[in-house]
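Following: one structure in structure tokens, then a few remarks.
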Amino acid sequence: MGATSLAFKVYLILGFELAVLYGCVFFIIQQSKKAFYANKTFLGIAFAEAVNTNRQTDICIVQNKATTLFFFWLILFGIISMWTATAFIIFSSSWIQLFFMTLSAIGYGSIIGFIIMDMDENDGMVGLIASTLSTAAMFIIVSVSGINFANPIFVSTISFLILSLIVWELITLVTGISRGATKIKAVLAIVTFSMSLLASISRVNVTSEKGLNDWNTAIDLAFGMYLEIINLILYYLELMGS
């Protein structure tokens, strides 16, 4: 009963945050398309029409100084809210963690929505669907296989891959990166965060077996999975847009 109770808490929190995240994504996409077809702006952003290689309509964001400034503050909001949520989870034990986690879901949901609109939104939606299916597949694998992916060897491998990915990202900031290398990096990141999600899902069962079954623990576990899912979405979009 304890394991079920902790799992319920974790997935209730995770489900709520993902609902906020995906809700913001689809709201941004819907309002952007609505503004485009009405020949209006949305949040001060104008849109133009293009055609992709498959001769599908591609709604593009019109870039200007105001748009650049808007996205700067939006990204800053997402980053600050995410890091604040992380800080509260590490140093605090209150429901204010959930508040900043929700703010970050609003911020990153909006960012992802605009990323999809800024790239070819047809490819963007494919990337969003692929990341969602990958997330669902990780839950199915854990529940069907019965394997504990939170074991030291698997977790150590994930840590090495994430460290390698961070180093690669830092190098690309300085030297730049080719289109082919971007795709390879995105695939590596997708595999890495899929593995990390497997470990996080298994960790729920491991934690409950230790007798921990409180809301603060549930928030901590849900936050880890939440971060991994966001990274999966972003790298799928990078793969589709590269």
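Taking the criterion of being within 20 Å of W83 (Cα to Cα), small (G, A, S) and either outside any helix (DSSP H, G or I) or over 12 Å from the mean Cα position of the chain (by Cα) (or both), the residues of the stretch 184-242 that qualify are S196, S200, A218, A222. Checked against the criteria, L103 does not count as surrounded by 13 or more Cβ atoms within 10 Å (Cβ to Cβ), at pLDDT below 90, of a type outside the set (D, E) and part of a helix (DSSP H, G or I).
For the structure I just gave you, tell me whether I177 is of a type outside the set (S, T, Y), surrounded by 11 or more Cβ atoms within 10 Å (Cβ to Cβ) and under 18 Å from L197 (Cβ atoms). No: the conditions fail for I177.
Can you tell me which residues in the stretch 37-46 are under 14 Å from G113 (Cβ atoms) and not in a strand (DSSP E or B)? Break it down stepwise before answering.
Pass one, the stretch 37-46, residues under 14 Å from G113 (Cβ atoms): 42-43, 45.
Across the stretch 37-46, the qualifying residue is only L43.
In this structure, I90 does satisfy being modelled with pLDDT under 90 and outside any loop (DSSP other than H, G, I, E, B). Among the residues of the stretch 1-58 satisfying the criterion of being closer than 26 Å to K210 by Cα, modelled with pLDDT of 85 or more and more than 18 Å from the chain's Cα centre (by Cα), which is surrounded by the fewest Cβ atoms within 10 Å (Cβ to Cβ)? Here the residue is F8. The set of residues from the stretch 141-158 being part of a helix (DSSP H, G or I) and either surrounded by 11 or more Cβ atoms within 10 Å (Cβ to Cβ) or in contact (Cβ under 8 Å) with a residue 60 or more places away in the chain (or both) comprises I141, V142, S145, F154, V155, T157, I158. Candidates are the residues of the stretch 195-207 that are buried (at least 20 other Cβ atoms within 10 Å of the Cβ) and touching a residue at least 60 places away in the same chain (Cβ under 8 Å); the one that is farthest from L128 (Cα to Cα) is T207.
From the list I129, I79, I75, I111, the lone residue that is surrounded by 19 or more Cβ atoms within 10 Å (Cβ to Cβ), within 30 Å of Q63 (Cα to Cα) and among the hydrophobic types (A, V, I, L, M, F, W, C) is I111. Taken residue by residue, the stretch 72-79 has at least one member that is in contact with a helix residue (DSSP H, G or I) (Cβ under 8 Å, 6 or more places away or on another chain), assigned to a helix (DSSP H, G or I) and farther than 19 Å from E238 by Cβ.
The values are calculated or read from the model by the stated rules, or taken from the named source; none is laboratory data. Remember, it's a predicted structure, so these values are computed and weren't measured experimentally. Cβ: placed from backbone, ideal geometry, glycine included. Neighbour counts: every protein chain shown.
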